[in-house]
Amino acid sequence: MEHMDIAKAQQALQEARIPGWLLYSFQGSNLLALEALGLQGLMLSRRFAYLIPAQGEPVLMVHAIEKTSFPTLPGDRVVFSSWEQFARALQTQVAPLGRIAMEYHPGGGIPYLSRIDAGTLELLRGMGLEVVSSAEILLQFQTWDKAALASHKRAATGIAAALEHALGFVRARLNLPPRELEVQAEISKVFASRGLVFDHAAMVGFGPGAANPHHTAGESRLERGQVMLMDLWCREPDGPYADVTWMAGWEVSNEVHQAWNVVRDARDAALEFCRQAYTQNRVPRGYELDRAARQVIEEAGMGRYVLHRTGHHLGFSTTHGNGTHLDDLETHDTRPLIPGLAFTIEPGVYPGPFGIRSEINVYLHASGPEVTTGLQTELARL
């Protein structure tokens, strides 16, 4: 199992002027620490703490029961069995640093980062330690290499094929319109034929179903005058996700077309904001892209129909990763959008009895953003 690049972590700590990073978890409570250290899926029944100082050797504090089964990590080991010994290890190894980063966010402002329980924070603060968020250090370990990007693009190609197949399936069935579950099943067939996996089958919503951002496909049949929303996500078994939302309509109203135009323009505004920032040699923040998209929607008088943020980080284990999100609605995500990160841009409005969402995927090169998925410009006609 691949473990963390300690030199990379120490460089990030030095640049942030933080003396140390304490990765702590109990029975899987801190998924971010487990992912960073390459410990996912292991049977770890006792708490552990792994200290990476900005300079010097890391130290693992591990329970005696797991000292032989715990994977080898770089640095020294301190073995404990009692709670007094654990507290003494923290006092001896960590407290002298004075200031450490951990997986938490002040006030729980970004729940994705709130992985440390209040009691442990109290224990450390009681030792005189200042605890700060590891948010921006973690980003260095949430970027993709070339292999991950290539895998993502293959998944995106699979999504494009599934969309083409699903649209053809629906168009061929307008004499006896299909049910949402039938369209969902056709999408899953395409993914299976290409060896692509997913944690949940695609979202397919007709008419009122499309007005619910997390609609569960059911027995409803497509009707004339309705939109069809398809949200598809998949990955190769060892790769990161691709995640796309595509919209179609069956002789829909001008109101629907107008809403589509607003959402499309909001999506493109966020993308352009990111491009301009990189052109100006400035790394944008997640909340800024959310604001750029929602400004278009609000100026069109549809702000009250926005129910979710503009986009999310793309992960490996789940489509919603733990990196920077395009969010100034559900949270105020101040994290930067650094090269190597990938994310969705997916603004939506849900006025009822229909909803509109458009979603693309973006990968950030040092030179700026690359759209890695299809870019829908018009509502597909059925």
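The values are calculated or read from the model by the stated rules, or taken from the named source; none is laboratory data. On a predicted model such as this, the values are computed, not experimentally measured, just so you know. In this analysis, Cβ positions are derived from the backbone assuming ideal geometry, glycine residues included, and neighbour counts consider all displayed protein chains.
Points worth noting:
- Within the option set GLU130, GLU103, GLU180, being in the same structural domain as LEU22 (by TED's automatic domain parsing), of a type in the set (Asp, Glu) and buried (at least 20 other Cβ atoms within 10 Å of the Cβ) holds for one residue only, GLU103.
- Extreme residue, nearest to ALA160 (Cα to Cα), among residues of region 237-258 that are touching a strand residue (DSSP E or B) at 6+ places or on another chain (Cβ under 9 Å) and among the small types (Gly, Ala, Ser): ALA242
- Qualifying residue in region 134-149 (condition: surrounded by 14 or more Cβ atoms within 10 Å (Cβ to Cβ), closer than 30 Å to LEU222 by Cβ, touching a Lys or Arg at 6+ places or on another chain (Cβ under 6 Å) and among the small types (Gly, Ala, Ser)): no
- Residue match in region 106-114 (condition: out of contact with any His (no Cβ under 9 Å at 6 or more places or on another chain), assigned to a loop (DSSP other than H, G, I, E, B) and not hydrophobic (A, V, I, L, M, F, W, C)): no
- For region 245-252, the criterion of a residue being part of a strand (DSSP E or B), modelled with pLDDT of 95 or more, in contact with a Phe, Trp or Tyr (Cβ under 9 Å, 6 or more places away or on another chain) and within 16 Å of THR344 (Cβ to Cβ) is satisfied by at least one position.
- Looking only at region 31-70, residues that are of a type in the set (Ser, Thr, Tyr) and either crowded, with 22+ Cβ neighbours inside 10 Å or closer than 12 Å to ILE6 by Cα (or both) come to 1 in all.
- Every residue from region 28-65 that is assigned to a helix (DSSP H, G or I), in contact (Cβ under 8 Å) with a residue 12 or more places away in the chain and either among the aromatic types (Phe, Trp, Tyr) or in contact with a Ser or Thr (Cβ under 7 Å, 6 or more places away or on another chain) (or both): ALA33, ALA64
- Of the residues examined, ALA150 is one that is assigned by TED's automatic domain parsing to the domain that holds VAL197, within 31 Å of the chain's Cα centre (by Cα), assigned to a helix (DSSP H, G or I) and free of Cβ contacts under 8 Å to residues at least 12 places away in the same chain.
- Against the criterion of being in a strand (DSSP E or B) and within 25 Å of PRO351 (Cβ to Cβ), GLY209 does not qualify.
- Among the candidates LEU121, LEU167, the residue that is over 23 Å from TRP250 (Cα atoms) and either free of Cβ contacts under 8 Å to residues at least 60 places away in the same chain or buried (at least 18 other Cβ atoms within 10 Å of the Cβ) (or both) is uniquely LEU121.
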